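Q: The structure under discussion is supplied below as structure tokens; questions concerning it will follow.
The values are calculated or read from the model by the stated rules, or taken from the named source; none is laboratory data. The structure presented is a predicted model; accordingly, all values stated were derived computationally and were not measured. FYI the Cβ positions are ideal-geometry reconstructions off the backbone, even for glycines, and counts take in every protein chain you see. For accessibility, only protein heavy atoms count, side chains too; no ligands or nucleic acids. Shrake-Rupley method; radii C 1.70, N 1.55, O 1.52, S 1.80 Å.
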Amino acid sequence: MDFDFSADEKRFIEEVRAFLREQALLPDAADVMAPNRDSDSMLSDTPARRRFNREMAKRGYLGMSWPKEYGGSEKSGIYEYLLNEELARVGAPLIGKGIGIVGKTLIRHGSDKLKTEFLPKIRNAEIEFALGYSEPGAGSDLASLKLKAERSGEGWLFNGQKIWNTSAHFADWYWLAARTDPQAAKHKGISLFLVPMHEKGITVSAIHTLGEHRTNHVFLDNVWVHDDYRVGELNKGWTYISEALDFERFTIYPFSPLEAKLEQMWKHIKTTQRNGQRLTAVPEIRRQMARLVAQVETAKMLQRSVIFSASQGGVPTVEASMCKLYTTALSQRLANTMMDILGADGLLHKSWPDAPDAGKWEWLYRSSALETIGAGTSEIQKNIIARRGLGLPLTN
Ligand SMILES: Cc1cc2nc3c(=O)[nH]c(=O)nc-3n(C[C@H](O)[C@H](O)[C@H](O)COP(=O)(O)OP(=O)(O)OC[C@H]3O[C@@H](n4cnc5c(N)ncnc54)[C@H](O)[C@@H]3O)c2cc1C
């Protein structure tokens, strides 16, 4: 296994870093680039954030892996991964739902009408999407989703509710999974739709999570959409959702924030004294730090194995699950360790002037709790490793 990036990939990383340095000079940079405070900039909708996304589009960073006929440059998915790593390092918004999930699914399965209408807008960063998958009774077991889509004239009538939907409060379009055949086996009666987020009958209400990441409850009450906005074949939605998840495995788990947090932790330890003693001289802190350095390096190798597997033409499902399982738990260990080191001061919120490192650690402690849940919980990652990696049978 080659752990290093190719010369061209390294050149691309440098190019993105130069682009980000340029962006950091702009007056509204703080609005879009917030190192290790990724929740604010990535998940709010501000003019600066939309401007930043349009700049990425102008540089050709959106749709790099798309076919040329749809305005892409047919680069390997590694470039999208590398781009996201650099964006995540500085807390800038990642490329994701539009380019990865919606765009790639439309390219493979969408009608000409949907391709013509959506692909240029996605590539030019003109529209934002929210993913409407989870429901109160369907998260890990997503195929149990119940939101109804019933035929009505030339279109479909939607009734039901979704939960935990990120970006639904500012998205323009909803990528919605709905049950179109209640009689069929649960994986076989689901279809995918594109629904305008501001359609009559849609109500969005906020759910603020522990880590300040706003998600939403979305209620659909007799929302009507023309059949033209059905994506792909009827009742094949589950296949498209699973396929899109495979595309996304490349881009949804950036490693760089972990590395950046370790660096900041190290900086704090190196520059702080307590009761006249440097923290670097405290044996327990030295042990903890050495352990974390080794574990972050392990996480990096897991991340490289995802890239390597994909670069060989594979779908790195098991590697990505191992990486997600390990890095998200490590992020929590890192936050826990820092809370132990800081003692009571670690509990101070950013609104307190005395909060260490402007409250970063208190926030990190809360927000890292979400990482082992979103995009598939740790238990689900273990199930994937057990079943697909080790070939173990289902237990229920
Ligand atoms: C920050 C954040 C953002 C999100 N954004 C979106 C979004 O934009 N759109 C969207 O549709 N959803 C979104 N989600 C929802 C997310 O996908 C679900 O929360 C996740 O899939 C878990 O589902 P659940 O919350 O229903 O928990 P459940 O599935 O009810 O799980 C509860 C517990 O049971 C465990 N469990 C469940 N099944 C098994 C099993 N088979 N074996 C062992 N243990 C099991 C789980 O690991 C967990 O510990 C988001 C979630 C978070 C935290």
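Q: Give region 260-280 a look and list any residue that's open to solvent by less than 40 Å² (accessible area, probe 1.4 Å) and part of a helix (DSSP H, G or I), or say none. Break it down stepwise before answering.
A: The first filter runs over region 260-280 and keeps only residues open to solvent by less than 40 Å² (accessible area, probe 1.4 Å), leaving 260-262, 265, 268-269, 272, 279-280.
Answer for region 260-280, where residues must be open to solvent by less than 40 Å² (accessible area, probe 1.4 Å) and part of a helix (DSSP H, G or I): Ala260, Lys261, Leu262, Met265, His268, Ile269, Leu279, Thr280.
Q: Still on this structure, please answer the following. Just name the residue that is least open to solvent (accessible area, probe 1.4 Å) out of those in region 10-29 that are small (Gly, Ala, Ser) and within 17 Å of Arg51 (Cα to Cα).
A: Applying the first criterion (small (Gly, Ala, Ser)) to region 10-29 yields 18, 24, 29.
Subset that is within 17 Å of Arg51 (Cα to Cα): 24, 29.
On the way: Ala24: 55, Ala29: 12 Å².
By that ranking, first place goes to Ala29.
Q: Next question, about the same structure. Quick check on Ala125: is it closer than 17 Å to Arg50 by Cβ, of a type outside the set (S, T, N, Q), out of contact with any Cys (no Cβ under 9 Å at 6 or more places or on another chain) and not in a strand (DSSP E or B)? Outline the logic, then answer.
A: Working: closer than 17 Å to Arg50 by Cβ: yes; of a type outside the set (S, T, N, Q): yes; out of contact with any Cys (no Cβ under 9 Å at 6 or more places or on another chain): yes; not in a strand (DSSP E or B): yes.
When the stated conditions are applied, Ala125 passes them.
Q: Right, something else. If Asp246 satisfies every condition in (1) out of contact with any Leu (no Cβ under 7 Å at 6 or more places or on another chain); (2) closer than 17 Å to Lys162 by Cβ but one, which is the exception?
A: Failing condition for Asp246: (2).
Q: Specify which of the listed residues (Trp363, Trp352) is within 30 Å of Arg214 (Cβ to Cβ), among the aromatic types (Phe, Trp, Tyr) and surrounded by 20 or more Cβ atoms within 10 Å (Cβ to Cβ). Show your work before the answer.
A: Details: Trp352 fails: surrounded by 20 or more Cβ atoms within 10 Å (Cβ to Cβ).
The conditions single out Trp363.
Q: In region 144-154, how many are surrounded by fewer than 18 Cβ atoms within 10 Å (Cβ to Cβ) and either in contact with a strand residue (DSSP E or B) (Cβ under 7 Å, 6 or more places away or on another chain) or not assigned by TED's automatic domain parsing to the domain that holds Val195 (or both)?
A: Start the filter on region 144-154 by keeping residues that are surrounded by fewer than 18 Cβ atoms within 10 Å (Cβ to Cβ), which leaves 144, 146, 148, 150-154.
Those left that are additionally either in contact with a strand residue (DSSP E or B) (Cβ under 7 Å, 6 or more places away or on another chain) or not assigned by TED's automatic domain parsing to the domain that holds Val195 (or both): 144, 146, 148, 150, 152, 154.
Residues flagged as surrounded by fewer than 18 Cβ atoms within 10 Å (Cβ to Cβ) and either in contact with a strand residue (DSSP E or B) (Cβ under 7 Å, 6 or more places away or on another chain) or not assigned by TED's automatic domain parsing to the domain that holds Val195 (or both) within region 144-154 amount to 6.
Q: Out of region 1-25, which residues are hydrophobic (A, V, I, L, M, F, W, C) and in contact (Cβ under 8 Å) with a residue 12 or more places away in the chain? Give the derivation first.
A: Within region 1-25, the first condition is being hydrophobic (A, V, I, L, M, F, W, C), and the residues that meet it are 1, 3, 5, 7, 12-13, 16, 18-20, 24-25.
Of everything in region 1-25, those that are hydrophobic (A, V, I, L, M, F, W, C) and in contact (Cβ under 8 Å) with a residue 12 or more places away in the chain turn out to be Met1, Phe3, Phe5, Phe12, Ile13, Val16, Phe19, Leu20, Ala24.
Q: Scan region 117-143 residue by residue and report those that are within 15 Å of the ligand (Cβ to nearest atom), in contact with an Asp or Glu (Cβ under 9 Å, 6 or more places away or on another chain) and open to solvent by 10 Å² or more (accessible area, probe 1.4 Å).
A: Result: Glu128, Ser140, Leu142.
Q: Can you pull out every residue in region 339-383 that is part of a helix (DSSP H, G or I), hydrophobic (A, V, I, L, M, F, W, C) and within 16 Å of the ligand (Cβ to nearest atom)?
A: Matches in region 339-383: Trp363, Leu364, Ala369, Leu370, Ile380.
Q: Filter region 66-87 for residues that are in contact (Cβ under 8 Å) with a residue 24 or more places away in the chain and hydroxyl-bearing (Ser, Thr, Tyr); which is surrounded by the most Cβ atoms within 10 Å (Cβ to Cβ)?
A: Restricting to residues being in contact (Cβ under 8 Å) with a residue 24 or more places away in the chain and hydroxyl-bearing (Ser, Thr, Tyr), the top hit is Tyr81.
Q: Please pick out the residue among Leu347, Leu342 that is open to solvent by 50 Å² or more (accessible area, probe 1.4 Å), more than 20 Å from Ala375 (Cβ to Cβ) and touching a Phe, Trp or Tyr at 6+ places or on another chain (Cβ under 9 Å). Steps first, answer last, please.
A: Working: Leu342 fails: open to solvent by 50 Å² or more (accessible area, probe 1.4 Å).
Only one candidate passes the filter, namely Leu347.
Q: If the requirement is being under 17 Å from the mean Cα position of the chain (by Cα), crowded, with 16+ Cβ neighbours inside 10 Å and either within 16 Å of the ligand (Cβ to nearest atom) or under 19 Å from Gly103 (Cβ atoms) (or both), which of these qualifies: Phe170, Phe255, Phe193?
A: Details: Phe255 fails: either within 16 Å of the ligand (Cβ to nearest atom) or under 19 Å from Gly103 (Cβ atoms) (or both); Phe193 fails: under 17 Å from the mean Cα position of the chain (by Cα).
It is Phe170.
Q: Filter region 342-392 down to the residues that are on the phi > 0 side of the Ramachandran plot, in contact (Cβ under 8 Å) with a residue 40 or more places away in the chain and of a type in the set (A, V, I, L, M, F, W, C) and list them by number.
A: Going residue by residue through region 342-392, those that are on the phi > 0 side of the Ramachandran plot are 343, 357-359, 375-376, 391.
Now restrict to residues that are in contact (Cβ under 8 Å) with a residue 40 or more places away in the chain: 357, 375-376.
Answer for region 342-392, where residues must be on the phi > 0 side of the Ramachandran plot, in contact (Cβ under 8 Å) with a residue 40 or more places away in the chain and of a type in the set (A, V, I, L, M, F, W, C): just Ala375.
Q: Moving to a separate point now. Checking Arg214 against (1) within 17 Å of Glu128 (Cα to Cα); (2) open to solvent by less than 50 Å² (accessible area, probe 1.4 Å), only one condition comes out false. Which one?
A: For Arg214, the exception is condition (2).
Q: Check whether at least one residue in region 90-103 is away from the ligand (no atom under 16 Å from the Cβ), at pLDDT 95 or above and in a loop (DSSP other than H, G, I, E, B), and report yes or no.
A: no
Q: Still on this structure, please answer the following. Within region 33-52, work out how many residues are assigned to a helix (DSSP H, G or I) and modelled with pLDDT of 70 or more. If you could, list the steps in order and put the result at the bottom.
A: Restricting attention to region 33-52, the residues satisfying the condition of being assigned to a helix (DSSP H, G or I) are 38-43, 47-52.
After this cut, where a residue has to be modelled with pLDDT of 70 or more as well, the list is 47-52.
Qualifying residue count for the region: 6.
Q: Does region 147-164 include one or more residues that are within 13 Å of the ligand (Cβ to nearest atom) and of a type in the set (Lys, Arg)?
A: Yes; the residues of region 147-164 include at least one that is within 13 Å of the ligand (Cβ to nearest atom) and of a type in the set (Lys, Arg).
Q: Any residue at all in region 105-116 that's open to solvent by less than 10 Å² (accessible area, probe 1.4 Å), within 16 Å of the ligand (Cβ to nearest atom) and not in a loop (DSSP other than H, G, I, E, B)?
A: yes
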